Every structure is written in structure tokens, then in C-alpha cells.
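One structure is given below, encoded as C-alpha cells.
Bear in mind these aren't lab numbers, they're just calculated from the coordinates by the rules spelled out. Predicted, not measured: the structure shown is a model, and the values here were computed from it. All Cβ positions, glycine included, derive from the backbone under ideal geometry; neighbour counts span all protein chains shown.
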């Protein structure tokens, strides 16, 4: 009986290790340094993203980062309009900054996923940011405004390409207000 339990435990550990390592690519990017968390807080408009199941068919997407001092964490609220269902969706998560002054966060969006998010490029005035997940499946261009300049767009696309993202797969959701 003990042998069966031991074999099952070994199988479970092995399977978990395989899944974790199998899903990770060699990360070619690093989080930004000299990152001021306070400058990053607030509302961001989603300018572009690699499409994903959670945000499928969404436009008018915003990301809000709110400091929860009591829990020493960030609340993340992602809100978007689903054009197929004709309804607003909201996804809430929690993040903690891994290292002070570095743009690296451990995030949890239950029950969907728990991942590291990297700020891999940003404007020093915190008006635009390029954010990526550790598995290369998620990439966002975020801005404080509903549009970005061509100069910022090209810079972020170049940054993403240099570290291995296929930017041709980015979608550019509308930020045009939804009529009621």
C-alpha cells in the first residue's frame, strides 16, 4: 500500500515538473530597472495585445493597478467590452512586486492563471508600457491615453521583436466608446 502511494506521489511530482518546465521558453527579456511602482499605478488603456482566450473579442479594454497597502499587494482590474456577447467583462487579480524598483510582478487571476508579468519597456514619464508574460503567450502595449504615437508604437514593436515576440499576431482593439 505504501509503495502505491509513493509511486502516485512521484508521478504527480514528475507530471507537475514536466508541465512547468515544458511551458517555459528561455526568456530573452528582463524586467526594467529603476521602476517606480507609484508611477505605474492607475488606469491604462490597452492599445495592443496578443489575443488570448480571456480577452477574446474584447474592445475598450482598460487595466487598472491599485495599491493595497494593507495587503502589500496590487489589485489588478482588467475591463473590456465583448463585441460578440455585447456585454462588459471584468477580470480581477492580485500582484506583488518581486523586487523593489524592478518591473517584475507575480500575478494571480483565479481560477485562470498565475504568472510572472514583466514590464520590459516603458516611458520614463509612465505614459506607455510594454508588458509581457514569462511564457511568451501574453504581450500588451498599454498607454495612459487611448492612442499612441507612431514613434512609441515602432519602439515597442521593435523591443518586442528583439526579444522573440511575433508582433504580426498583435491585435489592436478599438478604444472608441460603446454606444448604449
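Taking a ≥ b ≥ c as the square roots of the eigenvalues of the Cα gyration tensor of the stretch 29-171, is the shape rounded (a/c under 1.5), prolate (a/b larger than b/c) or oblate? Rounded shape, in that the Cα axes give a/c under 1.5.
Here the mean projected area of the convex hull built on the C-alpha positions of the stretch 132-180 is 4.4 nm². Projecting label points 7 angstrom from Cα along Cα→Cβ for residue 145 and residue 51 puts them 2.8 nm apart. Post the alpha-carbon centroid distance, the stretch 29-99 to the stretch 114-180, in whole angstrom. For the stretch 29-99 versus the stretch 114-180, the Cα centre distance is 12 Å. According to the Kirkwood relation over distinct C-alpha pairs, the hydrodynamic radius of the stretch 52-117 is 12.8 Å.
Rg/Rh for the stretch 45-84 stands at 1.09; both radii use Cα atoms, and Rh follows the Kirkwood definition.
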